[in-house]
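These notes are about the structure you will find just below.
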Amino acid sequence: MIAHPFDYLTPKSLPEALLLLADPDAKALAGGMSLIPMMKLRLAAPAKLVDLRGVPGLTSISEESGRLKIGALATHFDIESSRLVRAKCPLLAMAAAHIGDVQVRNMGTIGGSIAHADPAADYPAALQALEATISIAGVGGTRAVSAAEFFVDTFTTAVGPGELVVEVSVPVEAAGTGTSYQKCLQPASGFAIVGVAARLQAVSGNISMARIGVTGLSGCSFRANGVEALLESGSDPQAAAAAIANGIDANSDIHASAEYRLHLARVYAAKAIRAALAAAR
Amino acid sequence: MMIAIMRRAIAVTINGKRHSNEVEPRLLLIHYLRDVLGLTGPHIGCETSICGACTVLVNGKAIKSCTMFAVQANGADVLTIEGLASDGNLHPIQNAFWEEHGAQCGYCTPGMIMASKQLLDRNASPTEEEIRHGLEGNLCRCTGYQHIVNAVKSAAAKMGA
Ligand SMILES: Cc1cc2nc3c(=O)[nH]c(=O)nc-3n(C[C@H](O)[C@H](O)[C@H](O)COP(=O)(O)OP(=O)(O)OC[C@H]3O[C@@H](n4cnc5c(N)ncnc54)[C@H](O)[C@@H]3O)c2cc1C
Ligand code: FES
Ligand code: FES
């Protein structure tokens, strides 16, 4: 399994990287945990590989006016092990810890994962529930988009040609907020068959705010607005979770039929909601 | 399509020794280690990023060397199974795999031991569950894993002592 030949470029700044990526034959390389397997299978054959790992300033994790700012090049391991993320945005740390295995988490980055937008990836469920903001840089400047706008379709995002994800911003959780990510994984690949992220604000069991993010169920991660509305109007978790499947055109593959996936989504939504409620206490 | 691709000069410190070579950018780190340098300790099991037989440490982090290009390791410190023993003495993790029968055919063993090193570097006294979680990226088709878990536990106890 040998990749098609390519030229390897190592920019030392963000503007330099963006300039190199203006070439349509060039592709960004972050952790390589999705791109290199595709290049080995020759599903991808970029003529130029622009390694982002030498660009300074893209791995930092910091707190700024009620938000955590996470550099695109922060690895899954950086995020799962960050004290700041674990304390202030545990849902993101939990999603990171569910990705693949140690070796994959040591290399793979949050920017690479969301730019790749695998329909079964773990971060998208969490970022939907967190109403994250994603900063995208291009030669013309930087813009910020919401997670709901960012994830467009299977392997399709709001990132345009030559653009780069530079930062993911998530809220510092307020007191009384409980979160949980529950994943039914496909044991051979480790990817989600279905994953549900729940984020609830509750006072003595009464839910005042519910955000539910879903991955693996259909072509693209999404927010389950129907479930959220039911929870906020006092439905019990089981009944609310059942609404997750309403109107969804579910994926069907060798691992799970559409019908079984929809069933799993209801079960894992109920699990995530209960766990988030318990954490909100 | 024929493209003339420039070879790249890389310098990598492997098991404490500096190596300088000119390589094609598409050369995988595992092929650099095995075919260019003759370090055949890291194995190729699946070549598809799944089995972990090719695991080595790059700057202290366990990675699958079949899923990294050698050029990405330019300037890095790489540790392979060959670099674990010192002065003819096995590393405590190697010893524990020996004593606890953590290897049968041995194919997964170099990767298992490097992943175990990563695990114990980060957590000196892991629980059984933490050991199993830490070795999720390494497949073994012989042992049923229990002896491997025992070996890591035994190594942790010896290294802590
Ligand atoms: C064995 C294995 C198991 C895995 N299991 C899981 C799992 O359970 N859950 C899960 O979610 N993922 C899983 N993954 C995928 C993993 O999370 C990848 O790390 C991730 O999908 C890609 O991140 P990367 O940094 O490695 O990106 P790369 O592979 O380097 O790049 C991926 C794509 O994104 C582009 N890109 C990279 N960085 C940027 C950027 N900053 N801006 C714009 N575009 C960019 C690249 O050009 C490329 O098209 C697994 C991978 C492997 C090999
Ligand atoms: S050979 Fe690298 S993971 Fe199997
Ligand atoms: S000992 Fe044979 S594969 Fe592990």
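The values are calculated or read from the model by the stated rules, or taken from the named source; none is laboratory data. This one's a predicted model, so the numbers in the text were calculated from it and none came from an experiment. Neighbour counts run over all protein chains shown; Cβ positions are idealised from the backbone, glycine included.
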Some residue of segment B:122-130 being over 16 Å from the mean Cα position of the chain (by Cα), of a type in the set (Val, Ile, Thr) and either more than 28 Å from B:LYS17 (Cβ to Cβ) or within 16 Å of ligand 2 (Cβ to nearest atom) (or both): yes
message: Which of the numbered conditions does A:HIS98 fail, given that it passes all the others? Conditions: (1) in contact with a helix residue (DSSP H, G or I) (Cβ under 8 Å, 6 or more places away or on another chain); (2) closer than 18 Å to B:ILE63 by Cα.
response: (1)
query: Hey, which of the helices (runs of 4 or more DSSP H) in segment B:45-161, taking only ones fully inside, have at least 2 residues that are away from ligand 1 (no atom under 14 Å from the Cβ) and among the acidic types (Asp, Glu)?
result: B:128-134
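Return the residues of segment B:47-90 that are more than 9 Å from every other protein chain (Cβ to nearest Cβ) and without any contact (Cβ under 8 Å) to a residue 24 or more places away in the chain; say none if nothing qualifies.
If we filter segment B:47-90 for residues that are more than 9 Å from every other protein chain (Cβ to nearest Cβ), which is where we start, we get B:51, B:53-54, B:56-57, B:59-60, B:65, B:70, B:73, B:75-90.
Result: B:ASN59, B:ALA85, B:SER86, B:ASP87, B:GLY88, B:ASN89, B:LEU90.
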field: Out of B:THR67, B:THR109, B:THR40, B:THR13, sole residue that is in contact with a helix residue (DSSP H, G or I) (Cβ under 8 Å, 6 or more places away or on another chain), of a type in the set (Ser, Thr, Tyr) and under 30 Å from A:LEU52 (Cβ atoms)
entry: B:THR67
- request: Any chance you could count how many residues in segment A:119-161 are part of a strand (DSSP E or B), touching a helix residue (DSSP H, G or I) at 6+ places or on another chain (Cβ under 9 Å) and of a type in the set (Val, Ile, Thr)?
  value: 4
task: Could you check B:LEU120 against (1) touching a residue at least 12 places away in the same chain (Cβ under 8 Å); (2) of a type in the set (A, V, I, L, M); (3) more than 23 Å from A:HIS98 (Cα to Cα) and say which number it fails?
output: (3)
Pairs where the first residue, in segment B:140-155, is without any contact (Cβ under 8 Å) to a residue 24 or more places away in the chain and the second is crowded, with 21+ Cβ neighbours inside 10 Å and part of a helix (DSSP H, G or I), C-beta under 6 Å, 6+ apart: B:VAL149/B:ILE131
message: Can you pull out every residue in segment A:84-118 that is in contact with a Ser or Thr (Cβ under 8 Å, 6 or more places away or on another chain), assigned to a helix (DSSP H, G or I), of a type in the set (Gly, Ala, Ser) and near ligand 1 (Cβ under 10 Å from one of its atoms)?
response: A:GLY112, A:SER113, A:ALA115
- request: Examine segment B:62-84 for a residue that is within 15 Å of ligand 2 (Cβ to nearest atom), under 24 Å from B:ALA124 (Cα atoms), modelled with pLDDT of 95 or more and of a type in the set (Lys, Arg), and state whether such a residue exists.
  value: yes
